[in-house]
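The values are calculated or read from the model by the stated rules, or taken from the named source; none is laboratory data. In this text, all values refer to a predicted model and were calculated from it rather than measured experimentally. Cβ placement follows ideal geometry from the backbone for every residue including glycine, while neighbour counts extend to all protein chains displayed.
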Amino acid sequence: MVAKQPADSRPMCSERDVKLIDPIWIAGQVPAQFWEDRHNRRSYLLWLGWRLRFRKIQDWYRLHYLDLRKNRGSRVLAFYRSIVSPTFCRQMQQPRETLPGRG
C-alpha cells in the first residue's frame with residue numbers, strides 16, 4: 001500500500017491532468033484571441049504550476065514575470081491585475097474537472 005502524500009506536498013495539478021493539456025504555447029505564437037479564453041489561461045497556469053513544482057496556492061507568490069516569459073506566457077498577465085489577485089486565486093482553486101478535454 002502506498003502512503004498518501006500530505007496535501008501540501010502534492011502538486012496542484014497532477015501529471016495526468018497535465019497530459020490532458022495541449023501546450024500549444026510551447027511551439028511559439030498562439031492563435032489570435034487564444035489568451036482571451038479563460039480556459040486556455042487556466043490550462044496554461046495549471047501547466048506552469050506543474051512545471052514550476054508549485055504545491056499550494058501560496059507558491060504563486062514566488063512567481064516572477066521572467067517565469068512567464070521563459071515559458072511563453074507573458075501575455076497572460078494582461079488579464080490579471082496581479083498574479084496573486086483574488087480573481088486569479090479563485091480560478092486556480094476551481095476543481096480540476098473544469099479543465100478542457102475532461103468528459
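Can you go through L52, L46 and tell me which one is of a type in the set (A, V, I, L, M, F, W, C), under 21 Å from Y80 (Cβ atoms), at pLDDT 85 or above and crowded, with 19+ Cβ neighbours inside 10 Å?
L46
Among what's in segment 47-59 and is within 10 Å of the chain's Cα centre (by Cα) and part of a helix (DSSP H, G or I), pick the residue that is nearest to L20 (Cα to Cα).
For segment 47-59, the residue satisfying everything is W47.
Among A32, A78, A7, A3, which is the only one that is modelled with pLDDT of 85 or more and among the small types (G, A, S)?
Of the residues listed, the single one that is modelled with pLDDT of 85 or more and among the small types (G, A, S) is A32.
Return the pair list, or none, for Cβ contacts closer than 6 Å from residues in segment 53-77 that are without any contact (Cβ under 8 Å) to a residue 60 or more places away in the chain and of a type in the set (D, E, K, R) to residues that are surrounded by 13 or more Cβ atoms within 10 Å (Cβ to Cβ) and not in a loop (DSSP other than H, G, I, E, B), at least 6 apart or on different chains.
Going by the 6 Å Cβ cut-off, the qualifying pairs are R72/W25.
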